Amino acid sequence: MKALLPYIALSVVAGVLIPLQSLINARLSHVTGHPITAAVLSFSVGTLALIVLATLLRAPLPRGEALLETRWWMWAGGLLGAYLVANALVSVQKLGSAGLLSCVIAGQLTAAALLDHYGVLQASAHALNAWRILGLCLLFAGVALVLRN
């Protein structure tokens, strides 16, 4: 467990930053006049940051053969990220940060439990058992409470 602490800390910080990112991007959307414009700007800054980081870490460029061996769905991560950011830009204004993230987390954990259960994309399988189902039910009850006015 001790070896996992740095990763746990980094992940908690990432979780703390997600609602802040949603609110920042929503304000950017307000200033630019459109959520897609704000998403493009946000991804541009993120892309630039990743290029700088890759350069500093001297991350190797992929070989051309490796790129040719990829399957079409391996490129979907960027599309999924774009959807997440665009959705957050629109939904945070209606649901608030807590409402948005409670829905996102409920969706994430439900999908993760199913993906784990079936070992999708060569992930190690973790059976969907009564405890996990109870946890998901409690999670959705929490979402309902967070969204209640």
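The values are calculated or read from the model by the stated rules, or taken from the named source; none is laboratory data. Since this is a predicted model, take the numbers as computed values, not measurements. Every residue, glycine among them, receives a Cβ derived from its backbone with ideal geometry; neighbour counts consider all protein chains shown.
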Quiz item: Hey, any hits in segment 2-24 for a residue that's among the basic types (K, R) and under 28 Å from V120 (Cα atoms)?
Solution: no
Quiz item: Within segment 1-107, which helices (runs of 4 or more DSSP H) (wholly inside it) include 2 or more residues that are closer than 29 Å to L147 by Cα and either polar (S, T, N, Q) or in contact (Cβ under 8 Å) with a residue 40 or more places away in the chain (or both)?
Solution: 5-32, 35-56
Quiz item: Would you say L138 is over 26 Å from P19 (Cα atoms), part of a helix (DSSP H, G or I) and without any contact (Cβ under 8 Å) to a residue 12 or more places away in the chain?
Solution: no
Quiz item: What number of residues within segment 32-58 are in contact with a helix residue (DSSP H, G or I) (Cβ under 8 Å, 6 or more places away or on another chain) and small (G, A, S)?
Solution: 3
Quiz item: Exactly one of (1) modelled with pLDDT of 90 or more; (2) within 28 Å of G142 (Cα to Cα); (3) not acidic (D, E) is unmet by V12. Its number?
Solution: (1)
Quiz item: Does G46 satisfy the condition of being among the small types (G, A, S) and farther than 25 Å from S102 by Cβ?
Solution: no
Exercise. Output the number of the condition that L115 fails; it satisfies all remaining conditions of (1) at pLDDT 95 or above; (2) assigned to a helix (DSSP H, G or I).
Key: (1)
